[in-house]
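Working notes, beginning with the structure itself.
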Amino acid sequence: MIDLKLPIDEKTIRKLKVGDEVSLNGRLVTGRDAAHVWLVKERPDLVRDFLKDTMIYHCGPVVKKRGNDWEFVAAGPTTSIREEPYQGTVIQEYGLRGVIGKGGMGPETLKALETNGAVYLHAIGGLATLIAESVVKVHTVFKLEEFGVPEAMWVIDVRDFPAVVTMDSHGGSLHDKIFHHSDEIRKKLLHIDV
Amino acid sequence: MKLDFQDHAFRAAVLELIRRASTDLAPDVVRAIQTARENEDEGSAARGVLSAILKNIERAREKSTPICQDTGTNMYEVTLPLGVSMRRIDTLIREATREATEKVYLRPNAVDPVTGKNSGDNTGVFAPYIHFEEWDEPAIGVKLLLKGGGCENVSTQYTLPDVTLKAGRDLEGVYKSVVDAVVKAQGRGCAPGILGVGVGGDRSSGMMLAKKQLFRRLDDTHPDPELAQLEFRLLKDLNSLGIGPMGFGGKTTALAVKIGVAHRLPASFFVSVAYMCWADRKHSMRFTPDEVSYD
């Protein structure tokens, strides 16, 4: 298990390889569908400092308000591939060092990871209660009113957040590998000529 | 036959059903995940994922917090005795839904597709989705399925024949469609998945039939031997694909395959595939003025 303190530098990220198990500690920002469109179309300056050298987490949490503070109740990853049209631009524009989600992403993101020195981390889908327990503080939230709870950008501190590197900055993707392997078996089962 | 009951009693019973559905999995689902874990190799990523999933299920139950943050489409199958008003039940389920959102058993998940605005309380057009039927029993039956967006997005429909799959209008074509759907779903729907398959019907009844299969117990056997055989064969072959839990590779890509059939038009042969993630949140209750029981 490799401990990653966020924010983080490019050199440390470039050492990571597909298959590495990591534990995240420090600041993250959640962002999914509406957030990615906003980041690309409007290029808002108010989130730049929060995103620089850290990671964006594809997550639409369940949250509870206690007085003036927010608490994360359930917070597993959402499917990442929906952000494929935006992710490369977001990584470059905001200086991200990583993306956390589930299911992996496509070629544009893989290229951006390589160019900018970033990784894709896979968290376990549906591990909502356990991951919420690793969220130790909610700093602030952007676009809550406009995007709603799941799609707002939550700035959080995490402790011992578990994930696995499944796409690295050297062009490696576990998702590509598994897809090609399973597709070969599919063709055999369906008697489709390879 | 008349069923006299208080609004607040029914509303409270539905709220409890939602809480159970969101925070706890039915025993047959937990057992299937436990068995899958034992089948995976010691020290493998697949086994690690399934262990983490089982721990998450336990913690969610202890704390009464959602198993998955995506509390999904809320689909109800309600069976009523003669004389109980559908409109009254619809209103009470909606009220319970709002309360469940306040209590954070549900995440606000109803978004207006035109304005992009989230209603904030999980109610809206077809939200929740409630399907009514009448039955002869002196009780109200309520089944609830919470189906997350990740798996809903990879649910799909095939129109046979399909040239690229070399799939004809027969059960072999059904087999090919389901295998193809699961390969394409990898990384999106959280594996190991449960496949509800609707064979026949029209586009909407076929998908409804597929979703209804998700209420079946994972360890049941289809009464039709031919379909039972197809369910068995599909499960075995899906688990040979090597996709594995969360797409990390492994022996468990699916936990169950459940097939339902409906008469079709001569011109149409639909295969509807409802992909359900491992967080198969299906629960049911039986309500009478004297007693509420949950599955």
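The values are calculated or read from the model by the stated rules, or taken from the named source; none is laboratory data. Computed from a predicted model, the values in this text were never measured in an experiment. Ideal geometry is used to build each Cβ from the backbone, glycine not excepted, and the neighbour counts take in all protein chains shown. Note: accessible area is taken over every heavy atom of the protein model, side chains too, but ligands, DNA and RNA are not part of it. Shrake-Rupley method; radii C 1.70, N 1.55, O 1.52, S 1.80 Å.
Applying the criterion of at least 2 residues that are closer than 12 Å to residue B:73 by Cβ to the strands (runs of 3 or more DSSP E) found wholly in segment B:84-159 leaves B:129-134, B:140-147.
For segment B:140-174, filtering for residues that are among the hydroxyl-bearing types (Ser, Thr, Tyr), in contact with a strand residue (DSSP E or B) (Cβ under 8 Å, 6 or more places away or on another chain) and at the interface with chain A (Cβ under 10 Å from one of its Cβ atoms) leaves 0. Specify the residue that is least open to solvent (accessible area, probe 1.4 Å); the eligible residues are those in segment A:96-112 that are touching an Asp or Glu at 6+ places or on another chain (Cβ under 7 Å) and away from chain B (no Cβ under 14 Å). It comes out as A:97. Selection of segment A:55-95 for residues being part of a loop (DSSP other than H, G, I, E, B) and surrounded by 15 or more Cβ atoms within 10 Å (Cβ to Cβ) yields A:58, A:59, A:60, A:61, A:75, A:76, A:77, A:78, A:95.
Can you tell me which residues in segment B:130-172 are without any contact (Cβ under 8 Å) to a residue 60 or more places away in the chain, surrounded by 15 or more Cβ atoms within 10 Å (Cβ to Cβ) and under 22 Å from the mean Cα position of the chain (by Cα)? Matches in segment B:130-172: B:130, B:153. If the condition is being more than 14 Å from chain A (Cβ to nearest Cβ) and either of a type in the set (Asp, Glu) or crowded, with 22+ Cβ neighbours inside 10 Å (or both), then segment B:222-249 contributes B:224, B:226, B:231. Assessment of segment B:223-233 against the conditions (part of a strand (DSSP E or B) and modelled with pLDDT of 95 or more) yields no matching residue. Scanning segment A:46-54 finds one or more residues that are under 24 Å from residue B:116 (Cα atoms) and open to solvent by 70 Å² or more (accessible area, probe 1.4 Å).
Residues in segment B:259-274 that are open to solvent by less than 10 Å² (accessible area, probe 1.4 Å) and of a type outside the set (A, V, I, L, M, F, W, C): B:260, B:272.
One residue stands out among those in segment A:1-45 that are open to solvent by 40 Å² or more (accessible area, probe 1.4 Å) and not charged (D, E, K, R): the one that is nearest to residue A:167 (Cα to Cα), which is A:18. Kindly check whether there is at least one residue in segment B:12-22 that is hydroxyl-bearing (Ser, Thr, Tyr) and at pLDDT below 95. Checking segment B:12-22: not a single residue is hydroxyl-bearing (Ser, Thr, Tyr) and at pLDDT below 95. So, of the residues in segment B:176-192 that are open to solvent by less than 10 Å² (accessible area, probe 1.4 Å) and either outside any helix (DSSP H, G or I) or of a type in the set (D, E, K, R) (or both), which turns out to be farthest from the other protein chains (Cβ to nearest Cβ)? Step by step, filter segment B:176-192, then rank; the result is B:192. Name the pairs whose Cβ atoms lie under 6 Å apart, with the first residue in segment B:224-247 and closer than 17 Å to residue B:213 by Cα, the second surrounded by fewer than 20 Cβ atoms within 10 Å (Cβ to Cβ), and 6 or more positions between them or separate chains? Cβ pairs passing all conditions: B:228/B:221; B:228/B:222; B:230/B:171; B:231/B:222.
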